[in-house]
1. Please determine, by comparing only the residues of the stretch 211-257 that are over 24 Å from the mean Cα position of the chain (by Cα) and free of Cβ contacts under 8 Å to residues at least 24 places away in the same chain, which one is nearest to residue 55 (Cα to Cα).
2. Report, by residue number, each residue of the stretch 43-85 that is more than 13 Å from the ligand (Cβ to nearest atom) and assigned to a strand (DSSP E or B).
3. Look at the stretch 295-328 and say how many of its residues are assigned to a loop (DSSP other than H, G, I, E, B) and either within 12 Å of the ligand (Cβ to nearest atom) or within 16 Å of residue 67 (Cα to Cα) (or both).
4. Are any of the residues in the stretch 213-235 out of contact with any strand residue (DSSP E or B) (no Cβ under 9 Å at 6 or more places or on another chain), under 29 Å from residue 87 (Cβ atoms) and near the ligand (Cβ under 10 Å from one of its atoms)?
5. Can you tell me which of 88, 96 is in the same structural domain as residue 283 (by TED's automatic domain parsing), on the phi < 0 side of the Ramachandran plot, within 16 Å of the ligand (Cβ to nearest atom) and in a loop (DSSP other than H, G, I, E, B)?
6. Would you tally the residues in the stretch 16-42 being in a loop (DSSP other than H, G, I, E, B) and within 21 Å of the chain's Cα centre (by Cα)?
7. Tally the residues that are within 14 Å of the ligand (Cβ to nearest atom) and either under 22 Å from residue 43 (Cβ atoms) or surrounded by fewer than 24 Cβ atoms within 10 Å (Cβ to Cβ) (or both), restricting the search to the stretch 137-155.
8. Could you tell me how many of the residues in the stretch 189-198 are within 15 Å of the ligand (Cβ to nearest atom) and farther than 14 Å from residue 146 by Cα?
Ligand code: NDP
(Lines give C-alpha, C1' and ligand atoms only; values in the text may rest on other atoms or scores of the structure.)
Protein backbone atom coordinates (compact mmCIF):
# COMPACT_ATOMS: atom_id res chain seq x y z
CA UNK A 1 0.00 0.00 0.00
CA UNK A 2 1.52 3.38 -0.99
CA UNK A 3 2.40 5.65 1.94
CA UNK A 4 2.09 8.81 -0.09
CA UNK A 5 -0.78 10.24 -2.10
CA UNK A 6 -1.10 12.97 -4.72
CA UNK A 7 -2.64 15.93 -2.89
CA UNK A 8 -3.58 19.48 -3.94
CA UNK A 9 -2.21 22.19 -1.65
CA UNK A 10 -1.84 25.96 -1.60
CA UNK A 11 1.12 27.74 -0.03
CA UNK A 12 -0.32 31.21 -0.62
CA UNK A 13 -3.74 32.65 -1.40
CA UNK A 14 -4.36 33.75 -4.98
CA UNK A 15 -5.71 32.72 -8.37
CA UNK A 16 -5.95 29.15 -9.68
CA UNK A 17 -2.19 29.23 -10.40
CA UNK A 18 -1.45 28.79 -6.66
CA UNK A 19 -2.91 25.24 -6.72
CA UNK A 20 -0.09 22.65 -6.63
CA UNK A 21 -0.18 18.86 -6.77
CA UNK A 22 2.36 17.32 -4.38
CA UNK A 23 3.03 13.87 -2.88
CA UNK A 24 2.12 13.77 0.82
CA UNK A 25 2.45 11.17 3.58
CA UNK A 26 -0.89 9.55 4.38
CA UNK A 27 -0.22 7.93 7.79
CA UNK A 28 -2.40 5.86 10.10
CA UNK A 29 -5.73 6.90 11.68
CA UNK A 30 -5.74 7.95 15.32
CA UNK A 31 -8.74 7.82 17.69
CA UNK A 32 -11.92 9.00 15.94
CA UNK A 33 -10.24 8.99 12.51
CA UNK A 34 -10.27 6.89 9.36
CA UNK A 35 -7.94 6.42 6.42
CA UNK A 36 -9.83 6.58 3.14
CA UNK A 37 -8.66 5.91 -0.42
CA UNK A 38 -10.61 8.18 -2.76
CA UNK A 39 -12.31 7.21 -6.00
CA UNK A 40 -13.24 10.80 -6.92
CA UNK A 41 -13.33 14.29 -5.39
CA UNK A 42 -16.03 16.95 -5.64
CA UNK A 43 -15.41 20.56 -6.68
CA UNK A 44 -17.23 23.32 -4.79
CA UNK A 45 -17.31 27.09 -4.94
CA UNK A 46 -16.17 27.22 -1.30
CA UNK A 47 -12.84 25.76 -2.51
CA UNK A 48 -12.39 28.93 -4.59
CA UNK A 49 -13.14 31.18 -1.60
CA UNK A 50 -10.53 29.27 0.44
CA UNK A 51 -7.98 29.39 -2.37
CA UNK A 52 -8.46 33.12 -3.05
CA UNK A 53 -8.38 34.12 0.62
CA UNK A 54 -12.00 35.35 0.81
CA UNK A 55 -12.14 32.73 3.58
CA UNK A 56 -8.58 33.09 5.00
CA UNK A 57 -6.78 29.90 6.11
CA UNK A 58 -3.56 28.90 7.79
CA UNK A 59 -1.01 28.07 5.08
CA UNK A 60 0.18 25.76 3.65
CA UNK A 61 -3.22 24.10 3.33
CA UNK A 62 -4.63 21.11 1.45
CA UNK A 63 -7.91 21.97 -0.31
CA UNK A 64 -11.20 20.20 -1.04
CA UNK A 65 -14.21 19.41 1.14
CA UNK A 66 -15.98 16.49 -0.55
CA UNK A 67 -15.04 13.05 -1.87
CA UNK A 68 -15.96 9.38 -2.07
CA UNK A 69 -13.90 6.22 -1.74
CA UNK A 70 -13.21 3.09 0.27
CA UNK A 71 -12.34 3.08 3.97
CA UNK A 72 -8.93 1.43 4.43
CA UNK A 73 -8.58 1.58 8.20
CA UNK A 74 -10.48 2.93 11.20
CA UNK A 75 -9.06 4.35 14.41
CA UNK A 76 -10.10 3.64 17.96
CA UNK A 77 -13.69 4.56 18.81
CA UNK A 78 -15.02 4.62 15.24
CA UNK A 79 -18.10 2.39 15.18
CA UNK A 80 -20.17 3.53 12.20
CA UNK A 81 -17.54 2.59 9.59
CA UNK A 82 -15.31 -0.43 8.93
CA UNK A 83 -12.39 -1.16 6.63
CA UNK A 84 -13.75 -2.00 3.17
CA UNK A 85 -16.86 0.22 3.42
CA UNK A 86 -17.84 2.40 0.49
CA UNK A 87 -18.06 5.93 1.86
CA UNK A 88 -18.62 9.58 0.92
CA UNK A 89 -18.44 12.85 2.82
CA UNK A 90 -18.58 16.60 3.06
CA UNK A 91 -16.25 17.43 5.92
CA UNK A 92 -13.75 19.65 7.60
CA UNK A 93 -10.81 20.07 7.65
CA UNK A 94 -10.19 20.74 3.94
CA UNK A 95 -7.93 18.24 2.17
CA UNK A 96 -10.29 16.17 0.03
CA UNK A 97 -8.48 16.85 -3.28
CA UNK A 98 -6.21 13.83 -2.92
CA UNK A 99 -5.87 10.12 -3.61
CA UNK A 100 -5.96 9.13 0.08
CA UNK A 101 -6.01 10.79 3.47
CA UNK A 102 -6.47 10.36 7.20
CA UNK A 103 -9.43 12.40 8.49
CA UNK A 104 -12.01 12.66 11.27
CA UNK A 105 -14.69 9.98 10.85
CA UNK A 106 -17.74 11.77 12.25
CA UNK A 107 -18.95 13.34 8.99
CA UNK A 108 -18.05 10.38 6.77
CA UNK A 109 -21.10 8.35 5.71
CA UNK A 110 -21.52 4.85 4.30
CA UNK A 111 -22.41 5.23 0.63
CA UNK A 112 -25.29 3.00 -0.55
CA UNK A 113 -24.24 0.41 -3.17
CA UNK A 114 -26.81 1.88 -5.57
CA UNK A 115 -24.91 5.19 -5.76
CA UNK A 116 -21.75 5.17 -7.94
CA UNK A 117 -18.58 6.68 -6.47
CA UNK A 118 -18.57 9.55 -8.99
CA UNK A 119 -22.02 10.61 -7.87
CA UNK A 120 -21.10 10.15 -4.21
CA UNK A 121 -18.15 12.52 -4.69
CA UNK A 122 -20.29 15.08 -6.51
CA UNK A 123 -23.33 15.18 -4.24
CA UNK A 124 -22.41 15.29 -0.56
CA UNK A 125 -21.57 18.95 0.09
CA UNK A 126 -24.14 20.21 -2.40
CA UNK A 127 -26.87 17.74 -1.50
CA UNK A 128 -26.51 18.16 2.27
CA UNK A 129 -26.71 21.91 1.67
CA UNK A 130 -30.01 21.50 -0.15
CA UNK A 131 -31.22 19.24 2.68
CA UNK A 132 -30.59 21.89 5.34
CA UNK A 133 -31.93 24.73 3.16
CA UNK A 134 -35.25 22.93 2.66
CA UNK A 135 -35.59 21.15 6.02
CA UNK A 136 -33.55 22.83 8.74
CA UNK A 137 -33.54 26.57 8.01
CA UNK A 138 -37.15 27.75 7.82
CA UNK A 139 -40.42 25.78 7.71
CA UNK A 140 -41.37 25.01 4.08
CA UNK A 141 -44.41 23.11 2.90
CA UNK A 142 -45.91 21.96 -0.39
CA UNK A 143 -47.32 24.93 -2.28
CA UNK A 144 -44.76 27.44 -0.93
CA UNK A 145 -42.74 29.40 -3.49
CA UNK A 146 -38.95 29.71 -3.37
CA UNK A 147 -36.70 31.91 -5.50
CA UNK A 148 -33.40 30.06 -6.06
CA UNK A 149 -30.47 31.89 -7.70
CA UNK A 150 -27.85 30.09 -9.85
CA UNK A 151 -30.37 27.30 -10.39
CA UNK A 152 -28.28 25.50 -13.05
CA UNK A 153 -25.20 25.15 -10.81
CA UNK A 154 -24.05 22.28 -8.61
CA UNK A 155 -26.29 23.08 -5.65
CA UNK A 156 -28.91 24.55 -7.98
CA UNK A 157 -29.78 21.49 -10.06
CA UNK A 158 -30.16 19.41 -6.90
CA UNK A 159 -32.41 22.12 -5.41
CA UNK A 160 -34.66 22.20 -8.51
CA UNK A 161 -35.31 18.46 -8.24
CA UNK A 162 -35.63 18.47 -4.45
CA UNK A 163 -38.26 21.22 -4.57
CA UNK A 164 -40.22 19.36 -7.24
CA UNK A 165 -40.18 16.16 -5.17
CA UNK A 166 -41.73 18.04 -2.24
CA UNK A 167 -44.35 20.04 -4.13
CA UNK A 168 -42.52 23.33 -3.59
CA UNK A 169 -42.69 25.81 -6.45
CA UNK A 170 -39.14 26.83 -7.36
CA UNK A 171 -38.49 29.90 -9.49
CA UNK A 172 -34.86 29.75 -10.61
CA UNK A 173 -32.47 32.30 -12.04
CA UNK A 174 -29.44 31.57 -14.24
CA UNK A 175 -26.98 33.43 -16.41
CA UNK A 176 -28.00 32.20 -19.88
CA UNK A 177 -31.00 30.81 -21.74
CA UNK A 178 -29.24 27.42 -22.01
CA UNK A 179 -28.76 27.30 -18.24
CA UNK A 180 -32.42 28.28 -17.73
CA UNK A 181 -33.46 25.39 -19.99
CA UNK A 182 -31.39 23.01 -17.87
CA UNK A 183 -32.99 24.22 -14.63
CA UNK A 184 -36.45 23.74 -16.18
CA UNK A 185 -35.51 20.20 -17.26
CA UNK A 186 -34.56 19.47 -13.66
CA UNK A 187 -37.86 20.57 -12.19
CA UNK A 188 -37.79 24.37 -11.80
CA UNK A 189 -41.30 25.75 -12.38
CA UNK A 190 -39.87 28.85 -14.06
CA UNK A 191 -36.36 30.17 -14.69
CA UNK A 192 -35.35 33.78 -15.32
CA UNK A 193 -32.22 34.74 -17.25
CA UNK A 194 -30.89 37.34 -14.79
CA UNK A 195 -28.24 38.47 -17.29
CA UNK A 196 -30.89 39.86 -19.63
CA UNK A 197 -34.13 40.32 -17.66
CA UNK A 198 -35.31 42.56 -14.82
CA UNK A 199 -35.52 39.48 -12.63
CA UNK A 200 -37.06 41.08 -9.53
CA UNK A 201 -39.91 42.50 -11.66
CA UNK A 202 -40.33 39.12 -13.34
CA UNK A 203 -40.60 37.37 -9.96
CA UNK A 204 -43.42 39.77 -9.04
CA UNK A 205 -45.19 38.93 -12.32
CA UNK A 206 -44.79 35.19 -11.80
CA UNK A 207 -46.29 35.47 -8.31
CA UNK A 208 -49.17 37.81 -9.31
CA UNK A 209 -47.55 40.62 -7.34
CA UNK A 210 -47.36 38.66 -4.08
CA UNK A 211 -43.64 37.80 -3.97
CA UNK A 212 -42.06 34.56 -2.78
CA UNK A 213 -42.04 32.96 0.68
CA UNK A 214 -38.29 32.30 0.72
CA UNK A 215 -35.24 33.39 -1.29
CA UNK A 216 -32.19 31.10 -1.36
CA UNK A 217 -29.36 33.35 -2.54
CA UNK A 218 -25.79 32.09 -3.03
CA UNK A 219 -24.83 34.78 -5.55
CA UNK A 220 -24.41 37.36 -2.78
CA UNK A 221 -23.36 40.91 -3.55
CA UNK A 222 -24.97 41.21 -7.00
CA UNK A 223 -28.42 39.88 -6.01
CA UNK A 224 -28.88 40.57 -2.29
CA UNK A 225 -30.88 43.80 -2.55
CA UNK A 226 -33.02 42.67 -5.46
CA UNK A 227 -33.74 39.45 -3.59
CA UNK A 228 -35.24 41.38 -0.67
CA UNK A 229 -37.62 43.02 -3.16
CA UNK A 230 -38.86 39.59 -4.26
CA UNK A 231 -40.09 38.55 -0.80
CA UNK A 232 -43.62 38.56 0.63
CA UNK A 233 -44.12 40.40 3.93
CA UNK A 234 -42.63 38.21 6.70
CA UNK A 235 -40.61 36.37 4.05
CA UNK A 236 -37.26 34.72 4.72
CA UNK A 237 -34.01 35.62 2.97
CA UNK A 238 -31.45 32.81 3.17
CA UNK A 239 -28.12 34.24 2.07
CA UNK A 240 -25.79 31.26 1.78
CA UNK A 241 -22.99 32.20 -0.60
CA UNK A 242 -20.85 34.85 -2.29
CA UNK A 243 -20.26 33.77 -5.90
CA UNK A 244 -20.35 37.45 -7.01
CA UNK A 245 -18.64 38.78 -3.85
CA UNK A 246 -19.56 39.12 -0.17
CA UNK A 247 -22.81 40.91 0.70
CA UNK A 248 -22.08 44.45 1.89
CA UNK A 249 -23.21 45.86 5.23
CA UNK A 250 -26.78 47.18 5.10
CA UNK A 251 -29.20 49.10 7.28
CA UNK A 252 -31.33 46.66 9.30
CA UNK A 253 -34.23 49.10 9.05
CA UNK A 254 -34.63 48.04 5.40
CA UNK A 255 -36.04 44.73 6.62
CA UNK A 256 -38.83 46.56 8.45
CA UNK A 257 -39.60 48.84 5.50
CA UNK A 258 -39.89 45.89 3.13
CA UNK A 259 -42.35 43.99 5.35
CA UNK A 260 -40.77 42.60 8.52
CA UNK A 261 -38.43 40.37 6.55
CA UNK A 262 -36.09 37.82 8.12
CA UNK A 263 -32.50 37.23 7.03
CA UNK A 264 -30.21 34.33 7.90
CA UNK A 265 -26.69 33.44 6.81
CA UNK A 266 -26.23 29.68 7.40
CA UNK A 267 -23.36 27.36 6.62
CA UNK A 268 -23.49 23.60 6.10
CA UNK A 269 -20.76 22.94 8.62
CA UNK A 270 -22.86 24.19 11.55
CA UNK A 271 -25.57 21.73 10.55
CA UNK A 272 -23.31 18.70 10.14
CA UNK A 273 -21.10 19.40 13.17
CA UNK A 274 -23.28 16.97 15.12
CA UNK A 275 -22.51 13.39 14.04
CA UNK A 276 -26.09 12.10 14.44
CA UNK A 277 -27.58 15.06 12.57
CA UNK A 278 -25.07 14.63 9.75
CA UNK A 279 -25.83 10.93 9.32
CA UNK A 280 -29.59 11.60 9.40
CA UNK A 281 -29.31 14.36 6.78
CA UNK A 282 -27.21 12.06 4.59
CA UNK A 283 -29.83 9.34 4.97
CA UNK A 284 -32.48 11.65 3.55
CA UNK A 285 -30.18 12.73 0.70
CA UNK A 286 -29.32 9.13 -0.19
CA UNK A 287 -33.04 8.31 -0.16
CA UNK A 288 -33.76 11.07 -2.69
CA UNK A 289 -30.97 9.87 -4.99
CA UNK A 290 -31.70 6.13 -4.73
CA UNK A 291 -35.41 6.72 -5.39
CA UNK A 292 -34.57 8.77 -8.50
CA UNK A 293 -36.21 11.95 -7.15
CA UNK A 294 -32.81 13.63 -7.40
CA UNK A 295 -30.44 12.74 -10.23
CA UNK A 296 -26.83 13.79 -9.91
CA UNK A 297 -25.71 15.49 -13.11
CA UNK A 298 -21.93 15.51 -13.43
CA UNK A 299 -21.45 18.20 -16.05
CA UNK A 300 -17.64 18.28 -15.96
CA UNK A 301 -14.77 15.94 -15.03
CA UNK A 302 -11.17 17.12 -14.66
CA UNK A 303 -8.13 14.96 -13.81
CA UNK A 304 -6.63 15.98 -10.42
CA UNK A 305 -3.64 17.50 -12.26
CA UNK A 306 -6.02 19.93 -14.02
CA UNK A 307 -7.49 21.27 -10.80
CA UNK A 308 -6.49 24.85 -11.74
CA UNK A 309 -8.48 24.58 -14.97
CA UNK A 310 -11.44 23.25 -12.96
CA UNK A 311 -11.32 26.31 -10.68
CA UNK A 312 -11.09 28.62 -13.70
CA UNK A 313 -14.14 27.02 -15.29
CA UNK A 314 -16.21 27.24 -12.08
CA UNK A 315 -15.32 30.89 -11.45
CA UNK A 316 -15.90 31.86 -15.10
CA UNK A 317 -19.45 30.41 -14.91
CA UNK A 318 -18.59 27.83 -17.58
CA UNK A 319 -19.85 24.85 -15.56
CA UNK A 320 -23.35 23.44 -15.07
CA UNK A 321 -24.48 20.88 -12.51
CA UNK A 322 -21.79 19.14 -10.48
CA UNK A 323 -18.06 18.88 -11.20
CA UNK A 324 -15.60 16.20 -10.06
CA UNK A 325 -11.85 15.66 -10.06
CA UNK A 326 -10.89 12.19 -11.29
CA UNK A 327 -7.96 10.19 -9.88
CA UNK A 328 -7.05 7.39 -12.29
P1 NDP B 1 -22.18 26.63 -8.78
O2 NDP B 1 -22.00 25.44 -9.62
O3 NDP B 1 -23.57 27.05 -8.45
O4 NDP B 1 -21.38 27.81 -9.42
C5 NDP B 1 -21.65 29.13 -9.03
C6 NDP B 1 -22.65 29.81 -9.97
O7 NDP B 1 -22.95 31.10 -9.45
C8 NDP B 1 -22.11 30.06 -11.38
O9 NDP B 1 -22.19 28.96 -12.24
C10 NDP B 1 -22.98 31.21 -11.82
O11 NDP B 1 -24.18 30.72 -12.42
C12 NDP B 1 -23.36 31.92 -10.50
N13 NDP B 1 -22.73 33.24 -10.41
C14 NDP B 1 -23.40 34.41 -10.32
N15 NDP B 1 -22.55 35.43 -10.29
C16 NDP B 1 -21.31 34.91 -10.38
C17 NDP B 1 -20.01 35.49 -10.44
N18 NDP B 1 -19.83 36.83 -10.39
N19 NDP B 1 -18.96 34.67 -10.56
C20 NDP B 1 -19.12 33.34 -10.61
N21 NDP B 1 -20.33 32.73 -10.56
C22 NDP B 1 -21.42 33.52 -10.46
O23 NDP B 1 -21.36 26.44 -7.42
P24 NDP B 1 -21.67 25.45 -6.20
O25 NDP B 1 -22.81 24.59 -6.54
O26 NDP B 1 -20.40 24.86 -5.74
O27 NDP B 1 -22.12 26.46 -5.05
C28 NDP B 1 -23.22 27.32 -5.26
C29 NDP B 1 -23.20 28.41 -4.21
O30 NDP B 1 -23.63 27.88 -2.98
C31 NDP B 1 -21.82 29.05 -3.98
O32 NDP B 1 -21.98 30.43 -3.78
C33 NDP B 1 -21.39 28.38 -2.69
O34 NDP B 1 -20.49 29.13 -1.97
C35 NDP B 1 -22.72 28.25 -1.96
N36 NDP B 1 -22.70 27.19 -0.96
C37 NDP B 1 -22.94 27.54 0.34
C38 NDP B 1 -23.00 26.60 1.33
C39 NDP B 1 -23.38 26.99 2.70
O40 NDP B 1 -23.63 26.12 3.53
N41 NDP B 1 -23.44 28.27 3.03
C42 NDP B 1 -22.72 25.19 1.04
C43 NDP B 1 -22.55 24.90 -0.37
C44 NDP B 1 -22.51 25.89 -1.31
P45 NDP B 1 -24.94 31.66 -13.51
O46 NDP B 1 -24.01 31.78 -14.69
O47 NDP B 1 -26.17 30.90 -13.81
O48 NDP B 1 -25.18 32.96 -12.84
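The values are calculated or read from the model by the stated rules, or taken from the named source; none is laboratory data. Nothing here was measured: the structure is a model prediction, and the numbers come from that model. Every residue, glycine among them, receives a Cβ derived from its backbone with ideal geometry; neighbour counts consider all protein chains shown.
1. Residues of the stretch 211-257 that are over 24 Å from the mean Cα position of the chain (by Cα), as a first pass: 211, 229, 232-234, 249-257.
Then drop every residue that is not free of Cβ contacts under 8 Å to residues at least 24 places away in the same chain, which leaves 249, 251-253, 256-257.
Values: 249: 17, 251: 24, 252: 24, 253: 28, 256: 30, 257: 32 Å.
Here the residue is 249.
2. We begin by selecting, within the stretch 43-85, every residue more than 13 Å from the ligand (Cβ to nearest atom); these are 53, 56-63, 67-85.
Listed by number, the residues that qualify are 61, 62, 67, 68, 69, 70, 71, 72, 73, 74.
3. So in the stretch 295-328, the residues assigned to a loop (DSSP other than H, G, I, E, B) come out as 295-297, 316-321, 327-328.
From the residues that got through so far, the ones that are either within 12 Å of the ligand (Cβ to nearest atom) or within 16 Å of residue 67 (Cα to Cα) (or both) too are 296-297, 316-321, 327-328.
Residues that pass the stated criteria total 10.
4. Checked the stretch 213-235: no residue is out of contact with any strand residue (DSSP E or B) (no Cβ under 9 Å at 6 or more places or on another chain), under 29 Å from residue 87 (Cβ atoms) and near the ligand (Cβ under 10 Å from one of its atoms).
5. Working: 88 fails: in a loop (DSSP other than H, G, I, E, B).
Criteria check complete, one pass: 96.
6. Taking the stretch 16-42 and keeping what is in a loop (DSSP other than H, G, I, E, B), we get 19, 26-32.
This time we only want the ones that are within 21 Å of the chain's Cα centre (by Cα), so: 19.
The number of residues fulfilling the criteria is 1.
7. First, the residues of the stretch 137-155 that are within 14 Å of the ligand (Cβ to nearest atom): 137, 147-155.
Narrowing further to those that are either under 22 Å from residue 43 (Cβ atoms) or surrounded by fewer than 24 Cβ atoms within 10 Å (Cβ to Cβ) (or both): 137, 148-155.
Here the count works out to 9.
8. We begin by selecting, within the stretch 189-198, every residue within 15 Å of the ligand (Cβ to nearest atom); these are 190-197.
Applying the additional criterion that residues be farther than 14 Å from residue 146 by Cα yields 193-197.
Residues flagged as within 15 Å of the ligand (Cβ to nearest atom) and farther than 14 Å from residue 146 by Cα within the stretch 189-198 amount to 5.
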